[in-house]
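Here the structure is laid out as structure tokens; the discussion comes afterwards.
The values are calculated or read from the model by the stated rules, or taken from the named source; none is laboratory data. Small disclaimer: the values here were computed from a predicted structure and weren't measured. With ideal geometry, Cβ positions are generated from the backbone for all residues, glycine too; neighbour counts draw on all protein chains shown.
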Amino acid sequence: MTPSGEEPIATGGWPFLGMNNKLQFRRATLLLIFISLAFVGLGFRLVDLQVLRHDALSKLADDNTRRDYWEMPRRGDILDVNGNVLATSTEVKTVCADPTLIGNQQALVARTLAPWLQTNEASLYQKLLPRAVVSKNEQGQTVTNISHYVRLARNISPDTWQHIRAAMTNLTFDTGGKKLTRPERNFYNGIRSSAVFAETDQKRVYPNGSLAAQVIGFSGVEEAKVDDRSVSQIVGRDGIEWAMNTNLFGVAGWRVTEADSKQHELVSMRAQDVPARDGLDVVLTIDSVVQHIVETALADAMQKHTPQSVACIVTRPGTGEILAMASIPTFDPNQPNTISTETRDRAITDNMEPGSTFKIVVVSGALNNGIVKLNDQFDCERGHFAFAGRVLHDAEPHGILSTEGIITKSSNIGAAKVGIKLGAQGLYDYAWNYGFGQRTGILLPGESKGVLYAAAPNRLITLAQIPMGHGVAVTRLQMIMAMGAIANNGWLMRPMIVSRLQNHDGSLVQQYTPQRVRRVISDETDKQMIEALKTVVTKDGTSPGAALKNYVVAGKTGTAEKAGIGGYLPGKYISSFIGFFPADNPQICISVVMDEPKEGHFGGIVCGPVFKDIAERCASYLNIPADPNLMQTNQAPLMAENNLRKR
């Protein structure tokens with residue numbers, strides 16, 4: 001009891017106090033649940049952002065600030081053996097625009113750009129209109145965005161681009177005379193400074209036009225996707241441009257950096273900066289002067305004989321280097337509209353029956369095997385020889401001819417009889433060893449391997465036909481390389497068209513060296529063949545018109561009926577002459593082939609003089625020493641004439 005005599009009342013016994021504690025507890029519990037749920041939601045949100053959607057959001061953040069810049073390398077040059085430029089790359093501009101910055105001023109911008117871009121205003125106007133670009137995001141959803149990029153013109157010179165920049169900077173807008181607000185001023189300034197811009201690009205240029213076009217080839221522009229971005233690059237389409245494309249292209253460079261809200265690069269945030277590595281220069285074995293000599297001579301031959309085509313190859317037989325290779329019709333790689341199937345490199349792509357130039361194979365093989373000697377006699381049957389159910393013919397009737405005489409007179413019947421002695425297997429083996437029926441391995445696309453059927457002893461007629469150059473198909477390149485083997489002591493060489501690879505400053509990267517393929521005939525046989533081939537350009541041979549004044553020439557003529565569907569085409573021929581000089585120390589070998597010449601069709605008559613023209617001019621340019629014996633012989637009449645004048 002209290003001093004007053006009253007009993008105390010317990011605090012917990014007050015009803016309103018008990019109710020208050022329960023309410024507070026309930027509120028605290030609800031608050032705790034709410035806070036817990038908030039933390040759970042926040043945790044889930046963090047998991048969603050940091051784990052489930054991490055990749056997508058990281059990419060979005062990177063896209064907002066990260067910038068990847070690709071730097072395309074400069075394509076390497078193609079040079080001739082003396083360093084003269086045959087193909088090069090020059091800097092040009094690709095003019096682009098951001099349609100979203102132009103607003104409704106397409107007509108004004110198109111009118112300003114049209115004269116400089118050499119196009120009409122209407123097409124430019126259409127390009128400058130904003131366009132929607134539909135794409136898929138990472139979740140596979142369709143997303144529509146307005147394109148910020150359109151290409152207006154390629155291959156614009158840097159000077160023209162400077163004029164375009166000046167014209168855009170000085171644009172005057174029709175504002176109706178009203179005072180512009182700040183956003184309006186910013187809009188018009190944005191058109192002047194940013195709406196039209198340029199990307200640095202390169203253009204492939206061929207300074208000499210059609211010179212060596214079929215060897216050089218041509219190039220084109222391809223669009224490539226690099227990290228979802230479209231970049232243009234020059235790629236080779238044919239010739240050396242195609243075959244050496246990887247070396248010429250180089251290696252692209254890139255820069256990974258970040259940009260601020262105004263799209264200015266933050267240099268301090270640059271993560272990667274790898275410069276482009278320019279392409280290598282490809283130095284050919286082609287000599288542009290010799291190439292010009294050849295192409296000029298072929299143009300004259302086309303005008304005189306109007307063939308379907310004419311082709312020529314000039315080589316160094318000791319190394320296999322090709323100094324010139326051309327065929328007409330040709331093209332100008334600067335003008336793609338001049339390129340067609342008719343302008344292909346016929347020297348390596350087209351098969352032909354070689355005709356009598358193939359006699360070098362059978363005669364040298366028989367001499368090498370000891371089956372015949374150079375002075376062995378053969379009855380050429382006065383131009384008609386029945387064998388295996390066929391009658392073989394000579395262009396002129398011949399009686400008894402030596403093995404050498406068969407080469408001199410180009411007797412089909414004599415060659416057939418030598419081939420019969422050599423046998424089917426021997427004939428096939430020598431043809432194969434000379435490189436027929438297989439590609440030469442030249443670094444050019446489109447090479448044919450020709451046609452050489454395996455030995456068939458039961459088909460006797462092939463023993464007579466193949467020695468005449470029938471029943472076998474060769475390329476012009478195969479044929480000159482075979483003749484080059486005779487000029488090279490019996491060694492067949494692999495043709496060389498590329499001399500070396502170098503950096504743009506001229507420092508050497510890779511040197512190509514001559515490659516022997518195999519020895520075809522012995523040294524002794526080779527000397528005998530050269531002696532026989534010398535007689536072809538004498539007055540008794542089939543091409544006295546190919547003889548040179550100061551050099552002994554060794555060569556062979558060829559006249560083959562042109563094969564077509566169902567047999568040979570009457571009155572149509574493939575005519576050729578292949579020769580080298582000086583015969584006893586060969587420096588260059590030249591092949592001339594005409595397809596369906598007019599005004600004569602015998603190889604010695606139509607192709608021999610073309611050989612002579614090319615040979616004389618090449619000998620002068622290359623400073624090939626004259627044969628001393630011929631010089632004395634040719635100078636004697638001149639000295640006598642001068643002595644008479646002095647008297």
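Based on this model, can you work out whether residue 548 counts as assigned by TED's automatic domain parsing to the domain that holds residue 481 and modelled with pLDDT of 95 or more?
Answer is yes for this residue.
Being in contact with a Gly (Cβ under 8 Å, 6 or more places away or on another chain) and part of a strand (DSSP E or B) is the filter here, so list the residues in the range 281-314 that pass it. It would help to see each step written out before you state the result.
Taking the range 281-314 first, the residues in contact with a Gly (Cβ under 8 Å, 6 or more places away or on another chain) are 281-283, 305.
281, 282, 283, listed by residue number.
Scanning the range 520-567 for residues that are over 38 Å from the mean Cα position of the chain (by Cα) and in a loop (DSSP other than H, G, I, E, B) yields a count of 7.
Let's see how each residue does on (1) of a type in the set (Asp, Glu); (2) outside any helix (DSSP H, G or I); (3) surrounded by 15 or more Cβ atoms within 10 Å (Cβ to Cβ); (4) outside the structural domain of residue 128 (by TED's automatic domain parsing):
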site	(1), (2), (3), (4)
163	no, no, no, no
171	no, yes, yes, no
187	no, no, yes, no
203	no, yes, yes, yes
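Pairing each residue of the range 619-631 that is at pLDDT 95 or above with any residue that is surrounded by 11 or more Cβ atoms within 10 Å (Cβ to Cβ), provided the two are 6+ apart or on different chains, yields C-beta distances under 6 Å for 621/289; 624/587. Contact map, the range 332-344: first residue more than 22 Å from residue 476 (Cα to Cα), second residue outside any loop (DSSP other than H, G, I, E, B), Cβ cut-off under 6 Å, separation 6 or more or different chains; pairs are 332/338; 333/213. Of the strands (runs of 3 or more DSSP E) lying entirely inside the range 21-139, the ones with 2 or more residues being at pLDDT 90 or above and either under 40 Å from the mean Cα position of the chain (by Cα) or β-branched (Val, Ile, Thr) (or both) are found at 85-97. Restricting to the range 238-257, what's the tally of residues that are modelled with pLDDT under 95 and either buried (at least 17 other Cβ atoms within 10 Å of the Cβ) or of a type in the set (Gly, Ala, Ser) (or both)? Total meeting the criteria: 5.
Would you call residue 419 buried (at least 19 other Cβ atoms within 10 Å of the Cβ), closer than 30 Å to residue 519 by Cβ and more than 42 Å from the chain's Cα centre (by Cα)? Spell out the reasoning first.
Working: buried (at least 19 other Cβ atoms within 10 Å of the Cβ): yes; closer than 30 Å to residue 519 by Cβ: yes; more than 42 Å from the chain's Cα centre (by Cα): no.
Judged against the criteria, residue 419 is not a match.
Scan the range 448-464 for residues that are among the basic types (Lys, Arg) and either at pLDDT 85 or above or surrounded by 16 or more Cβ atoms within 10 Å (Cβ to Cβ) (or both) and the total you get is 1. The single condition from (1) modelled with pLDDT under 90; (2) in contact with a Cys (Cβ under 7 Å, 6 or more places away or on another chain); (3) not β-branched (Val, Ile, Thr) that residue 152 fails is (1). Of the residues making up the range 527-549, those that are crowded, with 19+ Cβ neighbours inside 10 Å and in contact (Cβ under 8 Å) with a residue 60 or more places away in the chain are 528, 529, 532, 533, 536, 537, 541, 542, 543, 546, 547, 548.
Could you list all residues from the range 81-112 that are over 30 Å from residue 332 (Cα atoms) and of a type outside the set (Val, Ile, Thr)?
Filtering the range 81-112 for residues over 30 Å from residue 332 (Cα atoms) gives 97-112.
Within the range 81-112, 97, 98, 99, 101, 103, 104, 105, 106, 107, 108, 110, 111 meet the criteria.
So for the range 457-473 (the condition being more than 21 Å from the chain's Cα centre (by Cα), more than 26 Å from residue 317 (Cα to Cα), of a type in the set (A, V, I, L, M) and part of a loop (DSSP other than H, G, I, E, B)), does at least one residue qualify? Checking the range 457-473: not a single residue is more than 21 Å from the chain's Cα centre (by Cα), more than 26 Å from residue 317 (Cα to Cα), of a type in the set (A, V, I, L, M) and part of a loop (DSSP other than H, G, I, E, B).
Annotation note: of 435, 484, 471, 490, the sole residue that is surrounded by fewer than 24 Cβ atoms within 10 Å (Cβ to Cβ) and at pLDDT 95 or above is 490.
Considering only the range 277-285, I want to know if a residue exists there that is acidic (Asp, Glu), at pLDDT 95 or above and closer than 21 Å to residue 575 by Cα.
So in the range 277-285, the residues acidic (Asp, Glu) come out as 278, 281.
Then drop every residue that is not at pLDDT 95 or above, which leaves 281.
Still in the running and closer than 21 Å to residue 575 by Cα: none.
No, the range 277-285 contains no residue that is acidic (Asp, Glu), at pLDDT 95 or above and closer than 21 Å to residue 575 by Cα.
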